[in-house]
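Written out below as structure tokens is the structure these notes cover.
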Amino acid sequence: VSIAPKITLKMAMKELIADKISLVRNKKRSEGTLTKYYTTEKHLDNYLKAKYNSTDIALEDLNYSFIKDFYHFLLNPREINGKKEDGICNNTCQKYVQTLRCSVFYALKMDYIEKDPFKRYTYEWDK
């Protein structure tokens, strides 16, 4: 009996991006959709490296704390590869969290995970 490898967040995100690429090619989504996913992936890569010294995380290890900390990572000034970066405004941070949520929702639909780590997360928008 072989045991299937754990599905990771980045694996699910890459599958979803591949689906989005197909939709863009068929004119069902805009190029901006891909930009949104690629930018979120870049921020996720920076967060994983800074917080966990890792390049990925198992889907089953995702929880509310991971999401909240990702949001705060984006919101606050930080250093990426030796370069200082300003924090991102709240509404833009929330948009990146929403895009991350799409990858998690995709994983739920594909039965890669059973529990939704976003269940208690609430979006707070500036007016």
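The values are calculated or read from the model by the stated rules, or taken from the named source; none is laboratory data. Since the model is a prediction, treat every value here as computed from it, not as a measurement. Cβ sites come from the backbone with ideal geometry, for glycine too, and all protein chains shown count toward neighbours. Note: areas computed on protein heavy atoms with side chains; ligands, DNA, RNA excluded. Shrake-Rupley method; radii C 1.70, N 1.55, O 1.52, S 1.80 Å.
Observations
- Number of positions in the range 72-92 that are at pLDDT 95 or above and touching a Gly at 6+ places or on another chain (Cβ under 8 Å): 4
- Beta carbons closer than 7 Å, at least 6 apart along the sequence or on distinct chains, pair a first residue in the range 74-102 that is more than 30 Å from ILE113 (Cα to Cα) with a second that is modelled with pLDDT of 95 or more and polar (S, T, N, Q) for ILE80/ASN46; GLY87/ASN76.
- Top-ranked residue of the range 19-30 - restricted to ones that are assigned to a helix (DSSP H, G or I) and of a type outside the set (A, V, I, L, M, F, W, C), ranked as least open to solvent (accessible area, probe 1.4 Å): LYS20
- Scanning the range 4-18 for residues that are in a helix (DSSP H, G or I), open to solvent by 20 Å² or more (accessible area, probe 1.4 Å) and in contact (Cβ under 8 Å) with a residue 40 or more places away in the chain turns up LYS10, MET11, GLU15.
- Test: THR92 is more than 15 Å from LEU16 (Cβ to Cβ) and of a type in the set (Val, Ile, Thr): yes
- Cross-chain or 6+ apart pairs with Cβ under 7 Å, the range 35-51 first and among the charged types (D, E, K, R), then part of a helix (DSSP H, G or I): LYS36/THR99; GLU41/MET13; LYS51/ASP69; LYS51/PHE73
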